[in-house]
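Student: Take a look at this one; I'll ask things after.
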């Protein structure tokens, strides 16, 4: 093959690489802008289940955690108990105080705002995992270890991880939550496409 062909090919690769870098920079800027425009919601909430709140018809999904499903049953020895309902009751007590403030950027595929919530005692997401009412789902691994070692909440007996329970009961599987705006997802997908063209 000629030198001219190789130079054109190298030039094309360089242009694609520069384009990829520009889109990655735009994606980083979009993420930064998203962090600056976090949506905050405060007040009294209703617990939908152990990791989802509702306020005025809007659903908020706790980011980085996964609580037992409402219909999920756990075991303590030979005794079954409704751990999903208990997880919801714990969240309901926290949510009804009126001191909860939730902030998030982006939604999950069900249109729920992915949030991190705080109250007077601190990070509610972390506390639900540390108390054993939810498992780590992309974050809070240290809190999960604490709960497991102390045998708190669902760790006091045997249980199926909520994602496994949903899969076994033919419910839509969820993936670990990473709050991303539509702009971030667009630039990420565009970067993957451009990278595929370079390689």
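The values are calculated or read from the model by the stated rules, or taken from the named source; none is laboratory data. Being a predicted model, the structure only gives us computed values, none of them experimental. Cβ: placed from backbone, ideal geometry, glycine included. Neighbour counts: every protein chain shown.
Student: State all residues of segment 97-112 that are touching a strand residue (DSSP E or B) at 6+ places or on another chain (Cβ under 8 Å) and at negative phi; if no residue qualifies, say none.
Tutor: Within segment 97-112, 97, 99, 100, 101, 102, 103, 104, 105, 107, 108, 110, 112 meet the criteria.
Student: When the residues of segment 42-60 are narrowed to those that are free of Cβ contacts under 8 Å to residues at least 40 places away in the same chain and at positive phi, which ends up surrounded by the fewest Cβ atoms within 10 Å (Cβ to Cβ)?
Tutor: For segment 42-60, the residue satisfying everything is 57.
Student: Also: Identify, by number, the condition in (1) under 25 Å from residue 121 (Cα atoms); (2) under 22 Å from the mean Cα position of the chain (by Cα) that residue 70 doesn't meet.
Tutor: That leaves (1) as the condition not met.
Student: Give me the residue from segment 72-96 that is assigned to a loop (DSSP other than H, G, I, E, B) and in contact (Cβ under 8 Å) with a residue 40 or more places away in the chain and, out of that set, surrounded by the fewest Cβ atoms within 10 Å (Cβ to Cβ).
Tutor: The extreme case among them is 77.
Student: Restricting attention to segment 115-143, and to residues there that are over 21 Å from residue 85 (Cβ atoms), in a helix (DSSP H, G or I) and touching a residue at least 12 places away in the same chain (Cβ under 8 Å), which single residue is nearest to the chain's Cα centre (by Cα)?
Tutor: 126
Student: Moving on to the next point. Can you name the number of the only condition in (1) out of contact with any helix residue (DSSP H, G or I) (no Cβ under 8 Å at 6 or more places or on another chain); (2) surrounded by fewer than 18 Cβ atoms within 10 Å (Cβ to Cβ) that residue 119 fails?
Tutor: (1)
Student: If you don't mind, there's one more thing I want to ask. For the list (1) assigned to a helix (DSSP H, G or I); (2) surrounded by 13 or more Cβ atoms within 10 Å (Cβ to Cβ), I need the number of the one condition that residue 101 fails.
Tutor: The failed condition is (1).
Student: Take the conditions within 14 Å of residue 162 (Cβ to Cβ) and modelled with pLDDT of 95 or more and apply them to residue 83. Does it pass?
Tutor: When the stated conditions are applied, residue 83 passes them.
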